[in-house]
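J.: The structure under discussion is supplied below as structure tokens; questions concerning it will follow.
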Amino acid sequence: MIRKAELSDISAIMKIVKSTIKVMHEENNPQWDELYPTEGIFKNDIKVGELFVYTDEGKVQGFICISPEKESEYTMGAWRESKTALVIHRCAVATDVRGKGIASQFLELAENLAIHKKYNYVKSDTYITNKKMNDFFLKKGYTFCGEMTRPEMVYPFNCYDKIL
């Protein structure tokens, strides 16, 4: 079941973050580390109602942040549309339950929210070294739109979008 995250979910979310960082680093993907994403970021996502969790038998097994595009966000990306989109951020599934369709349900949620809120457009990005997420976006019908850089990161991010 997917529901809006609550502050009581923070401990479980941070446990998923910690195990995800370990796997990312084993796969030579330094997208996340001890500096990002932080507990404070997730608390803010919850405060503004943009963080969702997947639970099974009451246990948090994944999360996704879905937010309206902020002004100037993604200004460097080569997007196919200039209209405002819903944006997917910070998505992870617990390492012991990966491959069960949870991430697919998260993308479906983002797309349904985009349609419901009359955006009809979804954007996201992922680090160029994040092979699994890059492949996942393509598998789910997202279009590669180019790269963008962030000064704090060594490698660029790949940009993806989907017109609904």
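The values are calculated or read from the model by the stated rules, or taken from the named source; none is laboratory data. This structure is a prediction, so every number in the text was calculated from the model and none was measured. A quick note on method: Cβ atoms are made from the backbone with ideal geometry, for glycine too, and the neighbour counts reach across all protein chains shown. The area values use the complete protein model at the heavy-atom level, side chains included, leaving out ligands, DNA and RNA. Shrake-Rupley method; radii C 1.70, N 1.55, O 1.52, S 1.80 Å.
J.: Among the residues that make up segment 39-47, is at least one of them surrounded by 12 or more Cβ atoms within 10 Å (Cβ to Cβ) and either among the polar types (S, T, N, Q) or under 22 Å from Lys132 (Cα atoms) (or both)?
T.: Yes, some residue in segment 39-47 is surrounded by 12 or more Cβ atoms within 10 Å (Cβ to Cβ) and either among the polar types (S, T, N, Q) or under 22 Å from Lys132 (Cα atoms) (or both).
J.: Among the residues that make up segment 90-107, is at least one of them on the phi < 0 side of the Ramachandran plot and touching a Pro at 6+ places or on another chain (Cβ under 8 Å)?
T.: no
J.: Shifting gears a bit: Taking segment 10-42, which residues are without any contact (Cβ under 8 Å) to a residue 40 or more places away in the chain and either closer than 25 Å to His116 by Cα or outside any helix (DSSP H, G or I) (or both)?
T.: Trp32, Asp33, Glu34, Leu35, Tyr36, Thr38 - these are the residues of segment 10-42 that are without any contact (Cβ under 8 Å) to a residue 40 or more places away in the chain and either closer than 25 Å to His116 by Cα or outside any helix (DSSP H, G or I) (or both).
J.: Looking at this structure, is Ser82 farther than 19 Å from Phe106 by Cβ, out of contact with any strand residue (DSSP E or B) (no Cβ under 6 Å at 6 or more places or on another chain) and modelled with pLDDT under 95?
T.: So Ser82 passes the test.
J.: Also, I was wondering about something else. Quick one: would you say Val122 is aliphatic (A, V, I, L, M), over 21 Å from Gly141 (Cβ atoms), assigned to a strand (DSSP E or B) and in contact with an Asp or Glu (Cβ under 7 Å, 6 or more places away or on another chain)?
T.: no
J.: Across segment 133-164, what is the total count of residues that are open to solvent by 30 Å² or more (accessible area, probe 1.4 Å) and either in contact with a strand residue (DSSP E or B) (Cβ under 8 Å, 6 or more places away or on another chain) or modelled with pLDDT of 95 or more (or both)?
T.: Result for segment 133-164: 17.
J.: In addition: Is it true that Thr75 is out of contact with any His (no Cβ under 8 Å at 6 or more places or on another chain), β-branched (Val, Ile, Thr), surrounded by fewer than 13 Cβ atoms within 10 Å (Cβ to Cβ) and part of a loop (DSSP other than H, G, I, E, B)?
T.: The answer is yes for Thr75.
J.: Report the residue count in segment 51-72 for those that are in contact (Cβ under 8 Å) with a residue 24 or more places away in the chain and either open to solvent by less than 80 Å² (accessible area, probe 1.4 Å) or among the β-branched types (Val, Ile, Thr) (or both).
T.: The number of residues fulfilling the criteria is 15.
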